[in-house]
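For reference, the structure discussed in these notes is given below.
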Amino acid sequence: MNFKLKDIGPQLMTVIAVVLVFGFFTYNAQVNMESRGIDFGYGFLSQESSFDVQFSLIEYDGSHSYFRAYLVGLLNTILVSVIGIIFATILGVIVGIARLSPNYLINQFAAFYVEFFRNIPLLLQIFFWYFAALRALPLPQDAEAMFGISYLTIKGLYVPAFIWQNFNIFFYSIVAAIIAIIVIRHRARKLQETQGKQTPVLFISIGLIFILPLLSFLIGGVKLSFEIPVLKQLATTSFIYEGGVSLPPELIALALSLSLYTATFIAECVRAGIQGIGKGQKEAAASIGLTPNQVLKLVVMPQALRIIIPPTTNQYLNLTKNSSLAAAIAYPDLVLVFAGTALMQTGKAIEIVSITMFTYLSLSISISIFMNWYNNKIAIQEK
Amino acid sequence: MFKYLKQLTSLVAMVAVLFTFTTESMAAKKSKTLKNTQKKGFVRCGVSQGLPGFSNADAAGNWTGVDVDVCRAVAAAVLGDANKVKFTPLSAKERFTALTSGEIDILSRNTTWTLSRDADIGLTFVGVNFYDGQGFMVRKSSGITSTSQFKNGISACTNIGTTTELNMRDFFNSRGISYEPVAFEKADEVVAAYDAGRCDTYTTDKSGLAAQRTKMKNPDEHIVLPETISKEPLGPVVRQGDSVWEDIVRWSLNTMIEAEEYGITSANADSMKTSDNPQIKRLVGAEGEMGAAFGLDNEWNLRIIKQVGNYGESYKRNIADTGILPDRGPNELWTKGGILYVPPSR
């Protein structure tokens, strides 16, 4: 222990300053709340919320607690973020690679898409997709069936519901298929490293993932039936579909606009990553006889990913945080349900806003941690 | 020597502390909010983001409406000029925080007076300037003429952060109807979504329905159903803890209503000073000391009537003549079959 005051002095002062500033604000808030007769506490979380929410992944109605309402909002936020991240990634990778295509039409179209969508404020895009969709989509009674079983209407997308018998057996068959694929891949790699033999892993994998679940149907007693949505009349001109699963147009519009917007940034990350790999690498790979596909898969992508992952993580975080714009179009996310309705009904502004902030912070940090883990995994392993 | 000096200092300190305490308590009597308002030279008033008839800004940024008139009345009373008001448009979600945090001093934004709001969140309701109730709007073509025709699966557009959401649940639950609530943050989006056909019905306070109907693409295609599912007494709100300011706002509103009762209008207010009726004379500042208790002069109520008008004038100008709700319904004086009844100014 050889601390010198000179070394720790400035740090100590910074810590004290931070503590003092926070202390001042806390004290100030306490005094002001006391003088205005507002009490502070989290007891309200167990009270009955007495408001309903349009769309929820867990069972919820107004007789549940505010905490349950918080969970509903949180799950809806996670749902739209996950959908958004998946579609943004797929679209982003396609567009990013398309921008490097030698085909003039394709790369210009990709460039136009990127420039167009990333330069319009997201809130405007959300409004556009929501209200454009509302104006363009048919009323339930006018909707044409898609594949005879699904309906896209102004009141949402109605798709058939799956009704399973012995679902657990089907689930186990998929798990078994995935484990088998991992084992086979592992063995194939070993085989290649030791004997230089190549195994058609892809075909075997595809076969497994189809055959095992199929067996579960044939001999495992798994049965699947569909519940197809049926038109129901509420009044002379108002109709809905009953049965099946309905996705509200708010969710679709929000997921669509978040994906389209964030995909532009991911596309740029992907393009930068691929362009960041020296031309010589590709030429060297080609010169030892690798096919263009192998060049991309074995030489370019593993290196490009290291450039792509960190900025893409930022985009995932942005997408998650941007999902809070949902409040504008009535998608019941965390901000609308908890920092909106619940805050209004209880008046607990400081408590609710702090919980909401902490929740977004936790979500962001979780994504960060996962992406950092992935980034480390694909980083160059120095031996 | 030092000993005495020490005692002397503590004595001075004690006197100073005592003095600050006395001056503070006297200022508190005179109302901190009133003092701040007079120092600033304008009343800070929270209103809606645009609800015709209640608080709505025109293209030039001039606010009109019955809610706006309450703030203008207070400005006339405490500052002598009804135009010295700074209006802050607030969403339903922001309104109470803006008031309790001291950003505004009066919240006059079609706000329902309920027990939990009055008791819980540091607010005090001072009165009712509009008796309202929640209703439903539907498309005429739907053929629905009563809420009893509502069926399972109906979707209802509304705003978040209002009593509407709670009433709606009570209503549908008590009838055992399953429904889909679609709740937006701003009224404009609610109207746009309902108008586009997203929802089968639009629910909010009936005055709001009547006002928003005027904004629809084709107002004649929509009707407001006759049923009223809740009591919504709307009124101005102040922060808890400044009882003098609370009284000023309450009696500014009461003055407007009572002036109508006694037939005092903005046009005849001055001539009423020589009336034979002492009640009328008190209302125009010609008798008694009606302002002293608030720390105001004696003609504060006269200025309200002259500059803003009585309640009937305000209603006619903002709600009846604009075609929103020509029929005053419960918002008629108690002497004419309504329920407007305020304590006497004496």
### Task
For region A:1-61, state which trypsin sites (Lys or Arg not before Pro) are in a DSSP loop and have at most 15 other beta carbons lying within 10 Å of their beta carbon.
A:Lys4
### C-alpha center-to-center spacing [region A:82-116, region A:310-383] in angstrom
25 Å
### Query
When the Karplus curve 6.51 cos²θ - 1.76 cosθ + 1.60 is applied with θ = phi - 60°, which whole-Hz ³J(HN,Hα) does each residue of region B:337-346 get, with x for Gly and Pro?
x, x, 10, 6, 8, 10, x, x, 8, 7
### Task
Determine, from the Cβ-Cβ distance of A:Ser65 and A:Leu214 and an R0 of 30 Å, the FRET efficiency 1/(1 + (r/R0)^6), rounded to the nearest 0.05.
0.10
### Query
Which length gain, in nm to one decimal place, applies between A:Lys6 and A:Ile369 when the Cα-Cα distance is subtracted from 0.36 nm times their residue separation?
127.2 nm
### Query
Counting Lys and Arg as +1 and Asp and Glu as -1, each charge on the Cβ, what is the dipole of chain A about the Cα centre in debye, to the nearest 20?
1700 debye
#### Entry: Charged-residue dipole, Cβ positions (Lys, Arg, Asp, Glu), the protein assembly as shown about Cα centre, Debye nearest 20
2680 debye
#### Entry: Gain on full stretching of the segment that runs from A:Glu193 to A:Lys321 - 0.36 nm per residue minus C-alpha separation
41.7 nm
### Task
Quick one, could you list the DSSP H helices from chain A stretching 24 Å or more along their long axis (Cα atoms) with average Kyte-Doolittle hydropathy of 0.5 or above?
A:5-35, A:66-98, A:167-195, A:201-218, A:249-275, A:349-378
### Summary
Binned at 10 Å from zero, the C-alpha pair distances of chain B give percents of 5, 23, 29, 21, 11, 6, 3, 1, 1, 0
### Task
For region B:79-167, restrict the atom set to alpha-carbon positions and state the Rg and Dmax in Å.
17.5, 56
### Query
Rounded to the nearest 0.05, what FRET efficiency is calculated for B:Asn62 and B:Ala320 with R0 set to 25 Å and r the Cβ-Cβ distance?
0.80
### Task
Consider all pairwise Cα distances in region A:49-200 and report the whole-number % of them above 22 Å.
73 percent
### Message
So if each residue of separation counts as 0.36 nm, and I subtract the Cα-Cα distance between B:Arg175 and B:Lys35, what length gain in nm does that give?
### Response
45.2 nm
### Query
Under a point spin-label approximation (7 Å from Cα along Cα-to-Cβ), what is the B:Asp188-A:Asn103 distance to one decimal in nm?
4.2 nm
### Query
What net charge is computed for the residues neighbouring B:Arg139, neighbours being all others with C-beta under 9 Å from the C-beta of B:Arg139, Lys and Arg scored +1, Asp and Glu -1?
-1
### Task
Kindly point out which whole DSSP H helices in chain B project their C-alpha atoms 24 angstrom or further along the helix axis while averaging a Kyte-Doolittle hydropathy of -0.5 or above.
B:2-29, B:243-261
### Message
Name the residue from B:Asn298, B:Ala59, B:Val70 whose Cα lies farthest towards the positive end of the charge dipole of chain B, charges +1 on Cβ of Lys and Arg and -1 on Cβ of Asp and Glu.
### Response
B:Asn298
### Summary
Taking the protein assembly as shown, the equivalent ellipsoid from its C-alpha gyration tensor has semi-axes in Å, biggest first, of 60, 38, 23
### Query
What's the local net charge at A:Gln315, with K and R +1, D and E -1, over the other residues with C-beta under 14 Å away?
+2
### Message
Between A:Glu227 and A:Ser46, what is the label-point separation in nm under the 7 Å Cα-to-beta-carbon projection?
### Response
3.5 nm
### Task
Amide H neighbours of B:Phe136 under 5 Å, at least 5 residues apart or on other chains, H built in the peptide plane: list them.
B:Leu225
## Note on the structure
Semi-axes of chain A from the Cα gyration tensor (sqrt of 5 times each eigenvalue, largest first, whole Å) come to 41, 36, 24
### Task
Per residue, how big is the convex hull around the C-alpha atoms of region A:169-218? Give it to me in cubic angstrom, could you?
50 Å³
### Task
Mind putting a number on the dipole of chain B about its Cα centre? Charges go on the C-beta only, +1 for Lys and Arg and -1 for Asp and Glu, and I need it in Debye to the nearest 20.
900 debye
### Message
Using square roots of five times the C-alpha gyration tensor eigenvalues, list the equivalent-ellipsoid semi-axes of region A:36-134 in whole Å, biggest first.
### Response
43, 15, 13
### Query
Per 10 Å bin from zero, what fraction in whole % of the C-alpha pairs of region B:224-271 is there, up to the bin with the longest pair?
20, 30, 28, 19, 2
#### Entry: Largest to smallest principal axis extent of the C-alpha atoms in region B:239-346, angstrom
40, 39, 23
## Note on the structure
Farthest towards the positive end of the dipole of region B:77-123, among B:Thr114, B:Leu90, B:Ser101 and with Cβ unit charges of +1 on Lys and Arg and -1 on Asp and Glu, lies the Cα of B:Leu90
### Query
In region B:251-346, which chymotrypsin sites (Phe, Trp or Tyr not before Pro) fall in coil by DSSP and have 13 or fewer other Cβ atoms within 10 Å?
B:Tyr341
### Query
Cα convex hull of region B:134-230: mean projected area in nm², to one decimal?
5.3 nm²
### Message
Tell me the net charge near B:Gly288. Cut-off is 9 Å between Cβ atoms, B:Gly288 excluded, with +1 for each Lys or Arg and -1 for each Asp or Glu.
### Response
+1
### Query
For the protein assembly as shown, list the cysteines whose Cβ sits under 4.7 Å from no other cysteine Cβ?
A:Cys269
### Summary
Longest chain A segment clear of GluC sites (Glu not before Pro) sitting in DSSP loops (not H, G, I, E or B) with at most 15 other Cβ atoms within 10 Å runs A:145-381
### Message
Given 25 °C and 0.890 mPa s, compute D for region A:119-250 with the Stokes-Einstein relation, Rh being the Kirkwood radius over Cα pairs; round to the nearest whole µm²/s.
### Response
130 µm²/s
### Message
In chain A, once you exclude exposed chymotrypsin sites (Phe, Trp or Tyr not before Pro) (DSSP loop, at most 16 other Cβ within 10 angstrom), what's the longest stretch remaining?
### Response
A:148-383
### Task
Rank B:Ala193, B:Ile223, B:Ile177 by how far each Cα sits towards the positive end of the charge dipole of region B:134-230 (+1 on Lys, Arg Cβ; -1 on Asp, Glu Cβ) and give me just the farthest.
B:Ile223
### Summary
The computed P(r) of region A:137-212 puts the percent of Cα pairs beyond 14 Å at 72 percent
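Rule-based calculations on the coordinates, nothing more; no lab input. Everything quoted here is computed from the prediction, not taken from an experiment. Glycine gets a Cβ as well: all are built from the backbone with ideal geometry, and neighbour counts include every protein chain shown.
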